[in-house]
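Asker: Before we start, here is the structure in question, set down as structure tokens.
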Amino acid sequence: MRYTRELPKWRTIMGIILILATIYGFIFIGIANGLISLIVPFLLLKTEGSEIDLQSKTYRKTHSVLGFKIGKWQPLPKTEYISVFST
């Protein structure tokens, strides 16, 4: 079971445009300016979510940028049931 908040389309488009502008900055302006301008697209494209693997009884909180997820799997505590609510 996976839950990851979807990015609004405008954030995805703006993030990709800013990444392309950053690449342009690396090439034509300089590395220092390009590195600073990487922060904004990263913040626009970053999402958080959760994944639960009921077969192996583990879960993780994820941080994702453009579909690449990072998170450490941890064992589920003893539970009788799991409820998922939409917020």
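What follows draws every value from the coordinates through simple rules; no lab data is involved. Given the structure is predicted, the values throughout are model-derived calculations rather than measurements. All Cβ positions, glycine included, derive from the backbone under ideal geometry; neighbour counts span all protein chains shown.
Asker: Straight-line reach only, C-alpha to C-alpha below 22 angstrom: list the lysines that LYS9 could link to, leaving out same-chain residues fewer than 8 apart.
Answerer: Hits, sequence-local ones excluded: LYS46, LYS69.
Asker: How big is D for the chain, in µm² s⁻¹ as a whole number, if Stokes-Einstein is applied with the Kirkwood radius of its Cα pairs at 20 °C and 1.002 mPa s?
Answerer: Values: Rh = 15.2 Å.
This corresponds to a translational diffusion coefficient of 141 µm²/s.
Asker: Kindly express, to the nearest 10 degrees and within the range 0 to 90, the angle between helix 9-28's C-alpha long axis and the longest C-alpha principal axis of the chain.
Answerer: 40
Asker: Check each of the GluC sites (Glu not before Pro) in segment 19-87 and keep only those in coil by DSSP with at most 10 other C-beta atoms within 10 angstrom; list them in order.
Answerer: Values: sites: GLU48, GLU51, GLU80; in loops: GLU80.
In loop regions of segment 19-87 (DSSP not H, G, I, E or B), the sparsely surrounded GluC sites (Glu not before Pro) are GLU80.
Asker: Might you report the magnitude of the Cβ-based charge dipole of the chain about its Cα centre, with Lys and Arg at +1 and Asp and Glu at -1, to the nearest 20 debye? Walk me through the intermediate numbers first.
Answerer: Details: 11 positive and 5 negative charges, 23 e Å.
My answer is approximately 120 debye.
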